[in-house]
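Below is one structure, written out as structure tokens; comments come after it.
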Amino acid sequence: MTQSKDLWTKSTCAYCGVGCGIEAQIQASGELTIRGDKSHPANYGDLCSKGLALGETVTHEGRLLHPSIDGEQSDWATSLQHVADTFSQTIAEHGPDSVAFYVSGQLLTEDYYVANKLMKGFIGSGNIDTNSRLCMSSTVAGHKRGFGSDTVPGCYEDLDTAELVVITGSNLAWCHPVLFQRLKKQKTQRDNLFIVVIDPRETDTCSIADLHLAIQPETDVALFNGLLSYLVAHNKIDKDYIDNYSEGFEAALNSAQQDAQCIQVLAETLQVNEQKIALFFKHFAETEKAITIFSQGVNQSTQGSNKVNSIINCHIATGRIGKPGMGPFSVTGQPNAMGGREVGGLANTLAAHMEFGDEHANQLISDFWRTDTLATQPGLKAVDLFDAMHQGKIKAIWIMATNPVVSIPNSNKVREALEKCPFVVVSDCIAETATTEYANVLLPAQGWSEKSGTVTNSERRISRQRRLLSSPGVAKPDWWIMSEVAKRMGFAEAFNFLHEGEVFSEFAKMTTLDNENGLNRDLNLIGLTQLDAKGYSQLTPQQWPVTELQTEVVQQRLFADKQFFTTSKKAQFVAVSSTPIVNSSTPSLIKYPLIVNSGRIRDQWHTMTRTGLSSRLAAHITEPFVAIHPDDAAPLSIEDNNLVAINSPQGAMLVRALLTKQQKVGQIFTPIHWNRQTAKTANVCNLVNDDNDPVSGQPALKSTQANIKKW
Ligand code: SF4
């Protein structure tokens with residue numbers, strides 16, 4: 001692609017759910033210069049280290065350049081036909097539920113839409129799930145239970161006016177750095193801003209905290225149940241809101257009161273001193289403009305959905321939703337986790353926030369897609385999907401833009417499942433990952449800077465990602481690859497897309513189905529249904545619902561009118577109880593006395609296929625590590641930098657010890673990123689078992705029992 005020297009092209013960052021706008025310029029040398037987009041409301045020109053280094057990661061090194069079948073280079077026509085024939089044959093022999101797609105929050109909304117349309121609309125199975133299952137599905141479940149829809153009520157602007165910000169289960173400083181910097185700026189400018197961080201670890205996020213509650217892992221529900229009880233006991237609830245705009249308060253309060261009878265008991269459960277808990281409760285009770293930010297420390301748990309609802313309960317009880325500077329606020333992990341949720345990327349949802357079991361909605365979709373084979377029930381969620389593969393029930397899988405061997409718990413089982421599966425297709429931009437080695441067919445996909453489409457960030461803002469560079473080899477967009485397979489499976493009419501803009505336009509129209517009958521839906525893109533190719537090309541960020549094309553920056557909050565998307569239109573309290581995962585009577589604690597927490601580090605992303613290419617980013621932390629308190633290390637004669645083995649009932653990993661008092665005694669932390677050559681030795685998913693949230697299916701990636709030994 002040629003561009004004049006002064007031309008900067010607007011796009012979005014490839015990484016976290018903040019969804020920062022960037023501007024890119026191609027230099028004469030072919031290198032890409034990146035700067036923040038000052039006009040983008042997610043970041044107003046700011047970028048973190050990862051965003052600034054995007055230009056260093058667009059090398060063609062390690063890229064998948066050509067399709068291949070059973071290790072032999074092939075061409076597109078042969079490979080697409082082979083994939084279509086094998087999927088069709090498998091479906092004919094074993095039924096639609098014998099095949100599956102496993103997709104990714106790295107896909108653009110257009111890719112996600114086509115994948116979902118093919119699997120749920122035409123193959124007729126719900127078996128499409130996404131790595132967002134590992135990231136946000138507990139929030140999705142919590143939103144649906146509380147609000148009747150998967151709606152994030154607020155927007156980033158709320159951080160600029162909130163007077164209490166509670167950050168729980170999130171190292172915002174490393175995982176959503178631009179939002180953290182925005183908050184830090186507020187903290188330095190305003191005396192009336194109080195910040196509470198709730199995290200077992202003392203992370204960098206604590207640097208702006210007025211109060212840090214280093215709670216025991218998996219005690220979050222007890223804490224927020226305690227808060228609800230406190231609010232009632234101190235007459236700090238909004239009775240009018242509860243009586244007129246919500247349901248289920250008494251049951252939720254009963255559960256809360258049984259869970260946390262008094263602050264003294266709570267202090268013992270949380271292992272946090274009473275004064276600190278009381279201070280948090282007092283601030284929440286007395287500060288109207290309160291936001292609770294939450295992320296993976298809440299979601300990645302066997303009680304993730306209950307944690308989310310325990311937070312939402314406190315906001316409903318105080319009427320603090322849908323108003324400036326207040327509300328529960330989930331920050332998503334991946335760049336397009338929200339976009340995937342919108343088009344039905346999760347196995348248990350349909351597109352455009354419509355649901356299985358809603359006959360009217362199902363008919364609308366069938367008519368819209370002109371299909372009579374729409375899936376009628378949810379498919380398998382990620383962990384169950386790989387389980388079913390392990391049991392021989394899934395006979396063909398297509399994995400797109402993700403690396404489940406190093407990201408789904410119980411890696412050994414995932415490997416065995418892929419080995420057993422008769423037909424594995426992997427489409428990816430990277431040639432060698434821990435997953436590609438199991439592929440019968442490899443399909444080269446375009447990477448960030450080559451592909452074009454849309455993403456949605458954590459505040460419901462849809463932004464364009466734009467093509468900046470040409471693709472190496474014969475890499476193609478994911479939506480195109482799937483459409484070509486769909487055509488060869490006999491669904492040509494429904495997948496005759498010429499351009500990603502046509503896919504987006506179809507999706508936008510889908511969000512308006514039944515508008516004339518007053519169907520009240522959160523995700524409505526009616527203002528984008530008339531976009532022509534030029535309009536799509538020039539589309540500026542749009543925050544949904546988009547009732548008309550937004551030509552200025554819009555800051556919207558859902559539920560300002562106190563109308564929710566439940567049948568009764570009322571917000572729902574959910575009665576939740578705390579269930580500690582481990583206690584002193586658990587026998588395995590003797591053999592496995594430590595709790596392993598896992599997460600991201602500041603300068604790496606997922607399995608490092610992109611960020612690992614930047615030497616600047618690699619300089620931050622150079623190798624995998626386990627953070628351990630000196631009091632845990634000393635009896636085992638472990639010193640800083642010693643190589644140590646971490647063992648769980650599931651497996652083992654080998655890393656260097658980092659002694660730090662930022663860890664609590666009895667808890668260790670290790671990052672999720674390292675893979676490829678080190679996948680079998682430094683991958684935390686080797687340790688984690690299949691336990692997941694019974695409501696959301698989200699695996700518990702932050703509370704594995706393990707022991708540690710000097711190597
Ligand atoms: Fe990219 Fe997130 Fe950093 Fe923004 S905060 S530049 S979206 S990684």
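Using a/c under 1.5 as the rounded threshold, could you call region 461-578 rounded, prolate or oblate? The axes a ≥ b ≥ c are square roots of the C-alpha gyration tensor eigenvalues, and prolate needs a/b larger than b/c, oblate otherwise. Prolate shape, in that a/c is at least 1.5 and a/b is the bigger ratio. Summing Lys and Arg as +1 and Asp and Glu as -1 over all other residues whose Cβ lies under 12 Å from the Cβ of residue 252 gives a net charge of -2. Where only DSSP H runs of four or more residues are counted, the chain gives -8000 deg cm²/dmol as its mean residue ellipticity at 222 nm, each run worth -39500 (n - 2.57).
Suppose we look only past 13 Å in the calculated P(r) of region 331-392. What percent of the Cα-Cα pairs does that tail hold?
Working: 1279 of 1891 pairs.
When all Cα pairs of region 331-392 are counted, 68 percent exceed 13 Å.
Using only side-chain charges placed at the Cβ, +1 for Lys and Arg and -1 for Asp and Glu, the dipole size of the chain relative to its Cα centre rounds to 1100 debye. Look at the dipole of the chain built from charges on Cβ: of 51, 483, 89, the Cα furthest out on the positive end belongs to 51.
Specify whether the C-alpha gyration tensor of region 1-111 places it in the rounded, prolate or oblate class, a ≥ b ≥ c being the square roots of the eigenvalues: rounded for a/c under 1.5, otherwise prolate if a/b is larger than b/c and oblate if not. Please list the in-between numbers first.
On the way: a/c = 3.30, a/b = 1.92, b/c = 1.71.
Prolate.
Using the Kirkwood formula over every pair of different C-alpha atoms, what hydrodynamic radius in Å results for the chain?
Working: mean 1/r = 0.0389 Å⁻¹.
Final number for the Kirkwood radius of the chain is 25.7 Å.
Near residue 326: Cβ cut-off under 15 Å, other residues only, Lys/Arg at +1 and Asp/Glu at -1. The net charge is -2.
Counting neighbouring beta carbons within 10 Å and listing from fewest to most, the residues 133, 182 come out as 182, 133.
Starting from 0.36 nm per residue, how many nanometres of slack lie between residue 286 and residue 530 once their C-alpha separation is accounted for?
Working: separation 244, 0.36 × 244 = 87.84 nm, distance 4.68 nm.
The residue 286-residue 530 span can extend by a further 83.2 nm.
Using the number of other C-beta atoms within 10 angstrom as an exposure proxy, rank 249, 386 with the fewest first. Provide the component values of the computation, followed by the final result.
Working: 249 22, 386 29.
Least crowded to most crowded, the residues run 249, 386.
Inter-label distance, residue 662 to residue 551: 4.8 nm, where each label sits 7 Å from its Cα along the C-beta direction. Sparsely packed loop sites in region 494-546 (the trypsin sites (Lys or Arg not before Pro) outside DSSP H, G, I, E and B with at most 16 other Cβ atoms within 10 Å) do not occur. Between 598, 624, 704, the Cα set farthest toward the positive side of the dipole of region 588-710 (charges on each charged residue's Cβ, about the Cα centre) is that of 624. In this structure, the pairs whose alpha-carbon distance is over 23 Å, taken from 187/323; 393/413; 10/187, are 10/187. The Cβ shell under 15 Å around residue 302 holds other residues with a net charge of -2, Lys and Arg each +1, Asp and Glu each -1.
If we count other beta carbons within 10 Å of each Cβ, what is the order of 482, 489, fewest first?
Numbers: 482 29, 489 19.
Ordered by Cβ neighbours within 10 Å, fewest first: 489, 482.
Using the Cα centre as the reference, give the magnitude of the dipole from point charges on the C-beta atoms of region 30-102 (Lys, Arg: +1; Asp, Glu: -1; all else neutral), rounded to the nearest 20 debye.
Values: 4 positive and 11 negative charges, 100 e Å.
Here the size comes out at about 480 debye.
Scanning residues 5 or more positions from residue 213 or on other chains, those with amide H under 5 Å from its amide H are 197, 198, 199, with H placed 1.01 Å from N in the peptide plane. When the charge dipole of region 137-331 is built from unit charges on Cβ atoms (+1 for Lys and Arg, -1 for Asp and Glu) and taken about the Cα centre, the candidate among 330, 207, 296 whose Cα reaches farthest toward its positive end is 207. Which shape class, rounded, prolate or oblate, goes with region 102-146 when its Cα gyration tensor gives a ≥ b ≥ c as root eigenvalues, a/c under 1.5 marks rounded, and past that a/b bigger than b/c marks prolate? It comes out prolate by the Cα gyration axes.
In straight-distance terms, cross-link reach from residue 239 covers every one of the aspartates and glutamates whose alpha-carbon lies under 20 Å from its own, apart from those fewer than eight places away in the same chain; here that gives 247, 250, 286, 288, 561.
Taking 0.36 nm per residue of separation and subtracting the Cα-Cα distance, what length does fully extending residue 590 through residue 710 add?
Working: separation 120, 0.36 × 120 = 43.20 nm, distance 1.80 nm.
The span from residue 590 to residue 710 would gain 41.4 nm if fully extended.
Which value, in debye to the nearest 20, gives the size of the charge dipole of region 113-170 about its Cα centre, when Lys and Arg are +1 and Asp and Glu are -1 at the Cβ? Each step should come with its number before you reach the end.
Numbers: 5 positive and 6 negative charges, 116 e Å.
In total the dipole reaches around 560 debye.
Here region 137-331 is treated as a sphere whose radius is the Kirkwood value from Cα pairs; by Stokes-Einstein at 10 °C and 1.306 mPa s it diffuses with a coefficient of 97 µm²/s. Coupling constants for region 199-214 follow from the phi torsions by the Karplus curve (6.51 cos²θ - 1.76 cosθ + 1.60, θ = phi - 60°), and in residue order they are 6, x, 9, 8, 8, 4, 4, 5, 5, 10, 7, 7, 8, 10, 9, 8 Hz; glycine and proline get x.
Couplings 3J(HN,Hα) for region 80-95, derived from phi with the Karplus relation 6.51 cos²θ - 1.76 cosθ + 1.60 (θ = phi - 60°), are 4, 5, 5, 5, 4, 5, 5, 5, 4, 5, 4, 5, 4, 7, 10, x Hz, where x marks Gly and Pro.
Rounded to two decimals, the Cα radius of gyration of region 524-616 over 2.2 N^0.38 Å is 1.95. Sparse packing (at most 16 other Cβ atoms within 10 Å of the Cβ) combined with a DSSP loop state is found for the following trypsin sites (Lys or Arg not before Pro) in region 605-709: 661.
Size check on region 606-658: the Cα extents along the three principal axes, sorted descending, read 38, 26, 14 Å.
Would you please give the FRET efficiency between residue 247 and residue 515, computed as 1/(1 + (r/R0)^6) with r the Cβ-Cβ distance and R0 = 30 Å, to the nearest 0.05? FRET efficiency, residue 247 to residue 515: 0.65.
Here, each number is a calculation from the coordinates, and none is a lab measurement. Keep in mind it's a predicted model, so treat the numbers as computed, not measured. Using ideal geometry, Cβ is built from the backbone for each residue, glycine included, and neighbour counts are taken over all protein chains shown.
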